[in-house]
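Everything on this sheet refers to the single structure shown next.
The values are calculated or read from the model by the stated rules, or taken from the named source; none is laboratory data. Model, not experiment: these values are computed from the prediction. So basically every Cβ, Gly included, is an ideal-geometry build from the backbone, and we count neighbours across all protein chains shown.
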Amino acid sequence: MTANSTCKYYLSLSPLLNPWDLSDNCSWETVFGRRVPLELEIGFGNGEFLARNSVLAPERDFVGLELSWNSIKRALRRINRPPRSNVKLIRIPGRLALERLFAPNSLEVIRCLFPVPWPNPKMANKRLFSTTFLDLVANRLIGQGFFQMVTDNRELADWTNEQATISALELEMVESQAKFDTKYERKWQDGGREIFFHFIGRKRFHKEIPALDSCCMQTFFSDRIDPFDYSPPNFLGQPTVVFGQFIYDSRIGQGLIRTKVVESNFAQEFYIKLSEVSQGRFQISPALPRQIFPTDGVNLALSLASLNEVPK
């Protein structure tokens, strides 16, 4: 697909921001060129609700978060018909965005319509609305701002209610009929569901959330790595580092290992690249450094991947 055909397909890529080009606690006034109420939608699906809201409220600015490129593609076409300047899209996880791109007391609305419920109890750790996440939501909302979440899943609704009882966000849940006219709402309606669980949350109190300090990302070298018998140690302290699958291509002398780093409820998943720079000597560095926020936990993962000593 050529550049011209790409622009024709998406109509315009200007609403799509690269999160790695944005600074911590991003100045959204600078991004939008004005100071007005700011709303955030986490997981905008195909962008219907976001597109409608940005037309109905031109006096507000909107940021939408998604992980699916197909969803972003559909949303771009919607928000460019007609073109508008008050909505931006970012491909980034919700927790990561709230942690790094939004300052405390900066959002008037945080919204999530029909999130993945992860109904299997074994998958509950994948659910977004944990107590720590709700604390983060409360921290980012202005004093009179509100949080909105809608689900068709009773298990997720009950679990979220339970998580909120000790959080900084006070939640009220009501059962309501369909009213958001989104793809997933219509899907559940077609399946015979008529009642949805609608949450409205307001800041109960302001809880300070310690900021993660950025640092310079280091590059490591090692003479101790055998790529055919390579298993770096996990570190289950604070921060936590867990390694996954390792793939090595002997033809080019390069390997990738899947890595997860968790520090203060902030998680990043990425690949570390091992490159043979001379006979038996490897360079260890992030595979895509611009898609990682540099933290002490990332440097620890790089050190472990180079088979340095595990910290005490």
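Listed by first and then second residue, the pairs with beta-carbon distance under 8 Å, at least 6 apart or on different chains, first residue in the range 11-33 and touching a residue at least 24 places away in the same chain (Cβ under 8 Å), second assigned to a strand (DSSP E or B) and of a type in the set (S, T, N, Q), are 11/80; 12/80; 15/80. Per the listing 59, 48, 41, the residue uniquely among the charged types (D, E, K, R) and in contact with a Leu (Cβ under 9 Å, 6 or more places away or on another chain) is 41.
Taking the conditions exactly as written (at pLDDT below 95, surrounded by fewer than 15 Cβ atoms within 10 Å (Cβ to Cβ), of a type outside the set (Lys, Arg) and in a strand (DSSP E or B)), does residue 194 satisfy them or not?
Working: at pLDDT below 95: yes; surrounded by fewer than 15 Cβ atoms within 10 Å (Cβ to Cβ): yes; of a type outside the set (Lys, Arg): yes; in a strand (DSSP E or B): no.
Criteria not met by residue 194.
Among residues of the range 132-155 that are at pLDDT 95 or above, those with a Cβ under 6 angstrom from a residue that is acidic (Asp, Glu), sequence gap 6+ or separate chain, pair up as 142/108; 145/108. Residues that are surrounded by 21 or more Cβ atoms within 10 Å (Cβ to Cβ) and either over 18 Å from the mean Cα position of the chain (by Cα) or of a type outside the set (A, V, I, L, M, F, W, C) (or both) within the range 87-99 comprise 94, 99, listed in sequence order.
If you check residue 180 against the conditions, is it in the same structural domain as residue 98 (by TED's automatic domain parsing), crowded, with 16+ Cβ neighbours inside 10 Å and over 22 Å from the mean Cα position of the chain (by Cα)? Show your work before the answer.
Working: in the same structural domain as residue 98 (by TED's automatic domain parsing): yes; crowded, with 16+ Cβ neighbours inside 10 Å: yes; over 22 Å from the mean Cα position of the chain (by Cα): yes.
So residue 180 fits the description; yes.
Tell me which strands (runs of 3 or more DSSP E) are completely within the range 41-127 and hold 1 or more residues being without any contact (Cβ under 8 Å) to a residue 60 or more places away in the chain, or say none if there are none. Give the derivation first.
Working: elements: 61-66, 87-91, 107-113.
Filter on the range 41-127 gives 61-66.
Among the residues of this structure, residue 164 does not count as one that is in contact with a strand residue (DSSP E or B) (Cβ under 7 Å, 6 or more places away or on another chain) and either outside the structural domain of residue 31 (by TED's automatic domain parsing) or in contact (Cβ under 8 Å) with a residue 40 or more places away in the chain (or both).
It is to be established whether one or more residues within the range 5-21 are charged (D, E, K, R), farther than 25 Å from residue 134 by Cα, surrounded by 13 or more Cβ atoms within 10 Å (Cβ to Cβ) and over 17 Å from the mean Cα position of the chain (by Cα). Can you show your working first?
Step one: list which residues in the range 5-21 are charged (D, E, K, R), which gives 8, 21.
Next cut, farther than 25 Å from residue 134 by Cα only: 8, 21.
This time we only want the ones that are surrounded by 13 or more Cβ atoms within 10 Å (Cβ to Cβ), so: none.
No: the range 5-21 contains no residue that is charged (D, E, K, R), farther than 25 Å from residue 134 by Cα, surrounded by 13 or more Cβ atoms within 10 Å (Cβ to Cβ) and over 17 Å from the mean Cα position of the chain (by Cα).
For the range 220-269, which residues satisfy the criterion of being among the small types (Gly, Ala, Ser) and in contact (Cβ under 8 Å) with a residue 40 or more places away in the chain?
Quick first cut of the range 220-269, residues among the small types (Gly, Ala, Ser) only: 222, 231, 237, 244, 250, 253, 255, 264, 267.
222, 237, 264, 267 - these are the residues of the range 220-269 that are among the small types (Gly, Ala, Ser) and in contact (Cβ under 8 Å) with a residue 40 or more places away in the chain.
Can you go through 208, 185 and tell me which one is of a type in the set (Asp, Glu), in a helix (DSSP H, G or I) and within 30 Å of residue 145 (Cα to Cα)? Full working, then the answer.
On the way: 208 fails: in a helix (DSSP H, G or I).
Going through 208, 185 in turn, the sole match is 185.
Scanning the range 228-245 for residues that are touching a Pro at 6+ places or on another chain (Cβ under 8 Å) and surrounded by 15 or more Cβ atoms within 10 Å (Cβ to Cβ), we see that the one that is nearest to residue 274 (Cα to Cα) is 243. Candidates are the residues of the range 261-306 that are part of a strand (DSSP E or B) and surrounded by fewer than 16 Cβ atoms within 10 Å (Cβ to Cβ); the one that is farthest from the chain's Cα centre (by Cα) is 278.
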